[in-house]
Amino acid sequence: MLTDLARNWWVLALRGVAGILFGLAAFVWPSVTLAALVLVFGVYVFVDGIFAVVEGIRMRRLLDLWWLVVLEGVLGILLGVLTYRSPSTTALVLLSFVAAWSILTGLFELATAVRLRKLIQHEWLLIFAGIVSIVFGVLLIARPGPGELSLVYLIGAYALIFGILTLILSFRIRGLRETIRHAVTGAA
C-alpha cells in the first residue's frame, strides 16, 4: 500500500514543480495582461488537474476517499477549460473562479491529509498547503478589487508557496522508499 505511494512520489513532485514554475513566471513577467493571466492560469489548473487525477487514481488502493483527489483534479480540469472558453472573462469573474478553485482545492487537501496522517509522517505539509489554499481563496473574495499587478503577484505567491510545499511533501514521500525497502528486506 505504502509502496505505491512512495513509488509514485514523482507525480506529486511534478505538481509542485508546475506550481513553482507558474509562480516564478508571474513574478518575472508582472506586466502580463489579465487576459494573458487567464490563459496561463487556465493551463496551470488544467495541468494541475491532470496530475491530481493521476495521483488520485494511483492512490485508490491506499485511501478510502481517493476519489476526493480525483474530484479535485476534475474540478481543476473543468476550470482550465472554462477559462479558455471565455477568455474575455472579467477580473471579478476570474477572481471568483480562482477563489472557488483555491478554497475547494484546500478543502480536498485537508481531507486527504487527514486520511494520510496514519500512513505518512509530515502530513502537516499537505495540511499547511490546504490552509494556504483556503486563506488565499478567502482573501480573493474579501478583496476583489486589487489591481492587475497585485493580482499577478498574489496568484504568483500562492502558486510558489503551494508548489514548494507540494514538492517538499513529494520528497518526504520519496524517502519512504528506503524505509519500505529496509522493512521488506528485514522481514525476509
Leu125, sole failed condition from (1) of a type outside the set (S, T, N, Q); (2) surrounded by 20 or more Cβ atoms within 10 Å (Cβ to Cβ); (3) at pLDDT below 80: (3)
The listed residue being in a helix (DSSP H, G or I) and at pLDDT below 90, out of Val69, Val32: Val69
Any hit, the stretch 131-143, residues being surrounded by 16 or more Cβ atoms within 10 Å (Cβ to Cβ) and under 19 Å from Ala13 (Cα atoms): yes
Selection count where residues are over 16 Å from Leu160 (Cβ atoms), under 17 Å from the mean Cα position of the chain (by Cα) and small (Gly, Ala, Ser), scope the stretch 109-144: 4
Test: Ile155 is over 12 Å from the mean Cα position of the chain (by Cα) and either at pLDDT 90 or above or in a helix (DSSP H, G or I) (or both): yes
Top-ranked residue in the stretch 1-29 [being more than 19 Å from the chain's Cα centre (by Cα) and not in a helix (DSSP H, G or I); ranked as modelled with the highest pLDDT]: Trp29
Residue list for the stretch 137-147, filter: in contact with a helix residue (DSSP H, G or I) (Cβ under 6 Å, 6 or more places away or on another chain) and at pLDDT 85 or above: Gly137
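The values are calculated or read from the model by the stated rules, or taken from the named source; none is laboratory data. Predicted, not measured: the structure shown is a model, and the values here were computed from it. Ideal geometry is used to build each Cβ from the backbone, glycine not excepted, and the neighbour counts take in all protein chains shown.
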